[in-house]
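S.K.: This is the structure, below, for whatever I ask next.
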Ligand code: OVM
C-alpha cells in the first residue's frame, strides 16, 4: 500500500497504485505552488472547483478540495481529517518536522484541548478590551505621522510597508510582551514558516540559510524571563502555574503567537487596504457607516484569504462522492478557492460590504479555527478608524506587487494615493 510506505507515498499515483480503487478521481497536473499560480491563483481555483469535489494532484501525490461545502465539511471533521500529521505537505509520521510541532496547529484532541482553552481565554474579545484604547491611539499616531509627508491634500505611501506591516509590528510584539531587540526577525520567521507548509521549492530554499538564527531568536523570546509583565506571554506562563497547561508547554504556546500572529495579520490588513483601493465606492460606504468596519475586515479575509491553504491527513478511508481518499493520505484544503466558490457566494470576486461574509473559511473552521481572530480584527479596526478620520479617497498609485509564499496570499508593495479630508 502506498500509504504504509513513505517512499511509495511520494511517487506519482500511477507508479504506486494504477488508479485501482481510485478510478474516476479527476486529476490536475498544474503546480499550485509554482510562481504562475502564486501570482494569480484564480484560474487554478476555478479549474479545481470545476473538476470535482475531490481532485488528485499528481505533482505532489496529494488530494485537494476547493468547493466551499466540501472544504468546510472537511475542516469541521477533525476525526477523519487530522492535523497531528502536520498541516503542510510533509507527513510527520514519516518525516521529521523542521521545528517541534505546534501544540495548537499540529495536534488534535485530546492534546489540543488544554492549550486551546488557555489561549482562547487569553485572546478572547473580552480580554482584549483593555488593549483597544491604546491601539486606537497608536493607529492615530501612525496615520498622523504619515500624513505629515502629504503634499497638500495628497499623501502617497506604500500601503504594505507603511501601514499593513508597520501597524502590527508596532502593537503586537508589545501585546505579547517580547523585548525591543530583534523584532525585525518576526516577518522573515513567519514567511519561512508559511513557505515550509508547502513543498521544499525555491521559496523554502531561499529562507533556509537564515532560519536557524531566526528560530534561535524566536525561541529565546518564549522563555518566561524574556517576557514583560501584562502581556499574552506572561498570561500563558501564569496558566502553567495554575496547572491549566504544563511548564513545558508554555514556551511552545508563546511560539504559536509569534508564528501565527504577525504575517497573517499583516497580509490581512494589506488585503483590506487593497480592497478599498480597488473598490473606491466601498470606502465611501464605510465612511457613511463606520459600524461596517467589522464586516470590512471579514469580507477582506473572505475576498483575499491571506492563508490560502492548509493540508489535513486522512485518518481512515474517507468517501466523498465517488472518491475514496485512502487512510494516511494528505488532502490540500484550498481556503481561498472555497471563499470564492460561486456555489456559495454571489459575485464572489467582488469585495462587497453589503454581503454577510460570516461563514467564510479564511480563518479556518471547527476546532482549529483561528484563535487569534479577535486580535486581528482589533488591529484592523483600529487602523481603519484612524484612516476614516483623515482619508476621503484611496487610489492605487502604481501597480501593486505580490510577494510569493507557499501558503500566504501576500504583498511586497501596494503604492497608494490617499486624498486627505
Ligand atoms: C503555530 C502556528 C503557526 C502558523 C500558523 C498557525 C495559522 C499556527 O505555531 O501554532 O495558524
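S.K.: Just to be sure I understand: with springs between alpha-carbon atoms less than 10 Å apart, which residue in 95, 327, 46 has the highest mean-square fluctuation in the Gaussian network model of the chain?
M.R.: Highest fluctuation among the options: 95.
S.K.: Report the extension gain between residue 213 and residue 226 in nm, rounded to one decimal, defined as 0.36 nm multiplied by the number of residues separating them, less their alpha carbon distance.
M.R.: Result: 3.0 nm gained on full extension.
S.K.: Relative contact order of the chain: what whole-number percent is it, with Cα pairs under 8 angstrom and at least 6 residues apart?
M.R.: Computed value for the chain: 26 percent relative contact order.
S.K.: Under the classification rounded if a/c is under 1.5, otherwise prolate if a/b is larger than b/c and oblate if not, where does the range 187-329 fall, given a ≥ b ≥ c as square roots of the Cα gyration tensor eigenvalues?
M.R.: Verdict is oblate for the range 187-329.
S.K.: In degrees from 0 to 90, rounded to the nearest 10, what is the angle of the helix 166-176 Cα long axis to the longest principal axis of the chain?
M.R.: The angle comes out near 80 degrees.
S.K.: Could you calculate the FRET efficiency of residue 398 with residue 150 from 1/(1 + (r/R0)^6), where r is the beta carbon distance between them and R0 is 25 Å, rounded to 0.05? Kindly include the intermediate steps, with their values, before the conclusion.
M.R.: Numbers: r = 18 Å, r/R0 = 0.70.
Efficiency at R0 = 25 Å is approximately 0.90.
S.K.: Under the rule of -39500 (n - 2.57) per DSSP H run of 4 or more residues, summed and divided by the residues of the chain, what mean residue ellipticity at 222 nm is obtained, to the nearest 500 deg cm²/dmol? Working shown, then result.
M.R.: Values: 17 runs with 189 residues, N = 421.
Result for the chain: -13500 deg cm²/dmol, rounded to the nearest 500.
S.K.: If you don't mind, there's one more thing I want to ask. Give the distance, in whole Å, between the Cα centre of the range 118-196 and the Cα centre of the range 374-403.
M.R.: Computed from Cα coordinates, the inter-centre distance equals 12 Å.
S.K.: Of 364, 231, 261, which is the most mobile in a GNM of the chain whose springs link Cα atoms less than 10 angstrom apart?
M.R.: Result for the chain, Cα springs under 10 Å: 231 fluctuates most.
S.K.: Here's another thing I want to ask about it. Would the range 63-115 count as rounded, prolate or oblate if I go by the C-alpha gyration tensor, calling it rounded below 1.5 in a/c and otherwise prolate when a/b exceeds b/c, oblate otherwise?
M.R.: oblate
S.K.: With the Cα gyration tensor of the range 8-420 giving a ≥ b ≥ c as the square roots of its eigenvalues, does the rule (a/c under 1.5 for rounded; else a/b larger than b/c for prolate; else oblate) give rounded, prolate or oblate?
M.R.: Cα axes put the range 8-420 in the oblate bin.
S.K.: Quick one: if you stick a label point 7 Å off each Cα along the C-beta vector at residue 349 and residue 130, how many nm between them?
M.R.: Modelled inter-label distance: 4.8 nm.
S.K.: Using Cα pairs closer than 8 Å and at least 6 residues apart in sequence, work out the relative contact order for the range 242-353, in percent.
M.R.: Averaging sequence separation for qualifying contacts and normalising by length gives 24 percent for the range 242-353.
S.K.: Which of 83, 358, 102 moves most in a GNM of the chain, Cα contacts under 10 Å?
M.R.: Sorting by GNM fluctuation, first place goes to 358.
S.K.: Post the alpha-carbon centroid distance, the range 273-351 to the range 53-76, in whole angstrom.
M.R.: Between the Cα centre of the range 273-351 and that of the range 53-76, the gap is 14 Å.
S.K.: To continue, here is another question. Please compute the modelled spin-label separation between residue 92 and residue 356, points set 7 Å along Cα→Cβ, answer in nm with one decimal.
M.R.: Computed distance between label sites residue 356 and residue 92 equals 3.6 nm.
S.K.: Separate question: Using only Cα atoms, tell me the angle between helix 293-304 and the longest principal axis of the chain; keep it within 0 to 90° and round to the nearest 10.
M.R.: Its long axis makes an angle of about 40 degrees.
S.K.: Treating the angle as unsigned and between 0 and 90°, give the value, to the nearest 10°, between the Cα long axis of helix 125-147 and the longest Cα principal axis of the chain.
M.R.: 60 degrees
S.K.: Starting from the 7 Å offset along Cα-to-Cβ, what nm value, one decimal, do you get for the label separation of residue 187 and residue 69?
M.R.: So the label points at residue 187 and residue 69 sit 4.2 nm apart.
Only the coordinates and a few stated rules stand behind these numbers; no lab work does. Computed from a predicted structure; not experimentally measured. Because the Cβ atoms are built from the backbone with ideal geometry, glycine has one as well, and the counts that use them run over all protein chains shown.
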